[in-house]
């Protein structure tokens with residue numbers, strides 16, 4: 001019963017997002033034709049009337065909103081959103097060309113922020129209360145208050161402009177003169193360093209704060225104090241008692257945090273002109289590219305819902321008490 005309610009909530013969220021996905025782009029001022037023709041400014045006409053009519057007909061922009069909504073639902077069911085207005089290519093192809101770049105920086109940032117945040121949180125909790133704990137806590141609070149675009153701009157100015165250590169923008173060097181795959185790999189990694197580092201810095205503070213607070217709570221539990229009284233070493237107490245019991249409630253939050261990183265990539269990819277999903281979303285919004293917006297919003301929503309579902313499915317296996325409670329509810 002409880003599980004069916006949970007799945008029902010996922011379905012309601014998906015229905016709400018599907019409706020929002022259709023209406024939100026159409027609430028933006030202007031439309032695709034206005035954007036292409038320069039917003040109606042004098043002398044900024046790039047399409048003939050016949051071309052405008054053909055474009056409006058192909059994308060059903062002359063139809064009623066009801067007819068447009070039906071076409072939109074057909075595209076969702078068949079996962080076919082047509083041609084992107086700005087890229088003149090199928091929406092699915094445009095998105096799939098950008099997905100690997102976002103996965104590269106988001107995946108790297110997720111691994112680094114989780115490792116650094118959890119280890120720093122454990123160390124801070126073990127030193128609680130003390131000067132080390134307070135210093136780490138204040139530092140992480142300060143980092144969490146800095147907007148990610150400001151972090152990105154600071155790194156860009158320092159490492160790319162001042163020191164010339166890393167590239168300014170893009171995902172790889174155009175027309176790189178090398179046939180060695182290792183040179184191309186190094187080039188891709190150098191371009192990904194700053195975006196991934198920005199996302200890591202922006203996310204590591206939240207991971208630290210979550211782990212520290214949970215570890216401090218677990219450290220004050222009687223079984224931890226009993227283990228210390230028995231003379232068990234500090235390393236075993238941290239690894240066998242505090243880490244295992246503090247990490248369980250954080251599994252769901254960590255998985256959800258990966259979804260937030262995907263959303264945060266919009267600003268980061270814009271700052272570094274990194275050609276991922278975030279930059280593509282910005283381009284689609286500016287260009288009023290309705291088909292591309294529909295595809296991007298749906299993909300990002302499904303990704304976040306999938307992460308939520310994974311968290312809900314694996315958590316009972318990590319904490320047997322959840323399974324026991326579930327069987328008690330069914331009984």
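One table, with the values for the structure above:
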{"read-out": "Candidates 101, 165, 181, ranked by Gaussian network fluctuation over the chain, Cα under 10 Å, top entry", "value": "181"}
{"read-out": "Rounded if a/c under 1.5, otherwise prolate or oblate - the chain, Cα gyration tensor axes", "value": "oblate"}
{"read-out": "Helix-only CD estimate at 222 nm, as mean residue ellipticity for the chain, using -39500 (n - 2.57) per DSSP H run (n ≥ 4)", "value": "-24000 deg cm²/dmol"}
{"read-out": "Cα shape, the stretch 94-155, gyration tensor, a/c 1.5 rule", "value": "oblate"}
{"read-out": "Order of 98, 177, 127, 236 - criterion: other Cβ atoms within 10 Å of each residue's Cβ, fewest first", "value": "177, 236, 127, 98"}
{"read-out": "Exposure proxy ranking, count of Cβ atoms within 10 Å, fewest first, for 290, 59, 10", "value": "10, 59, 290"}
{"read-out": "Degrees separating the helix 277-286 axis from the principal Cα axis of the chain, which is the longest one", "value": "40 degrees"}
{"read-out": "Shape call, the stretch 24-157: gyration tensor on alpha carbons, a/c limit 1.5", "value": "prolate"}
{"read-out": "Sites residue 88 and residue 175 - FRET efficiency at Förster radius 22 Å, r taken between beta-carbons, to 0.05", "value": "0.40"}
{"read-out": "Separation of the residue 52 and residue 282 label points, Cα + 7 Å toward Cβ, nm", "value": "3.1 nm"}
{"read-out": "Extension gain, residue 253 back to residue 185 (0.36 nm per residue minus Cα-Cα distance, nm)", "value": "21.2 nm"}
{"read-out": "Proxy reagent accessibility, fewest Cβ within 10 Å first, across 218, 77", "value": "77, 218"}
{"read-out": "Convex hull volume of the stretch 100-287 per residue (C-alpha atoms, cubic angstrom)", "value": "145 Å³"}
{"read-out": "Contact order normalised by residue count of the chain, Cα under 8 Å, 6+ apart, percent", "value": "27 percent"}
{"read-out": "Estimated FRET transfer efficiency (residue 70, residue 143; beta-carbon r; R0 56 Å; 0.05)", "value": "0.70"}
{"read-out": "Full-extension gain in nm, residue 115 to residue 62, via 0.36 nm per residue minus C-alpha separation", "value": "13.8 nm"}
{"read-out": "Two-site label geometry, residue 10 and residue 157: point separation in nm, points 7 Å out along Cα→Cβ", "value": "4.5 nm"}
{"read-out": "Label-point separation in nm, residue 228 to residue 150, each point 7 Å along Cα→Cβ", "value": "3.7 nm"}
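Readers should treat all values here as calculations from the given coordinates under stated rules, not as data from a laboratory. All values derive from a computational prediction rather than experimental measurement. Note: ideal-geometry Cβ built from the backbone for every residue, glycine included; neighbour counts use all protein chains shown.
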